[in-house]
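Bear in mind these aren't lab numbers, they're just calculated from the coordinates by the rules spelled out. These numbers come from a predicted model, not from an experiment. Virtual Cβ from ideal backbone geometry, glycine too; neighbours counted across all protein chains shown.
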Amino acid sequence: LRLLPRQRYLRAERAELGALERKRNVLCCLISRILKVEKQLHIDNLVFRVMDACQKGELGPGLRFLSFSCQSVDVLSCVLRLLHQGCLRRQGERPHVLEY
């Protein structure tokens with residue numbers, strides 16, 4: 001059994017991090033685009049629409065060549081990130097409804 005040199009491991013980790021960053025950016029853009037059109041949406045419906053768009057490959061202009069698996073955890077993570085950044089907000093009396 002022989003281990004690869006450390007440099008190769010670092011390159012692989014950087015490549016994986018880059019892929020995850022691109023995936024997160026695509027999901028955040030898709031969430032924003034959907035909410036811009038709908039103005040407000042129940043969080044369950046938003047997750048469904050994002051996952052459906054990913055499965056159909058409808059990621060937007062210039063992103064049709066991308067193909068990756070999308071799970072509800074990925075979408076919810078991006079929703080929380082956008083909430084924290086202030087791009088999205090919850091309705092006061094109905095916290096399960098998101099607004100852009």
**Item:** Förster-model FRET efficiency, 25 Å R0, ARG22 and PHE48, C-beta, rounded to 0.05
**Value:** 0.65
**Request:** Find how much the distance from LEU80 to GLN40 grows on full extension, using 0.36 nm per residue of separation minus their present alpha carbon separation; answer in nm with one decimal.
**Result:** 12.8 nm
**Prompt:** So which lysines can LYS56 reach, going by Cα to Cα under 19 Å and dropping same-chain residues fewer than 8 places off?
**Reply:** LYS23
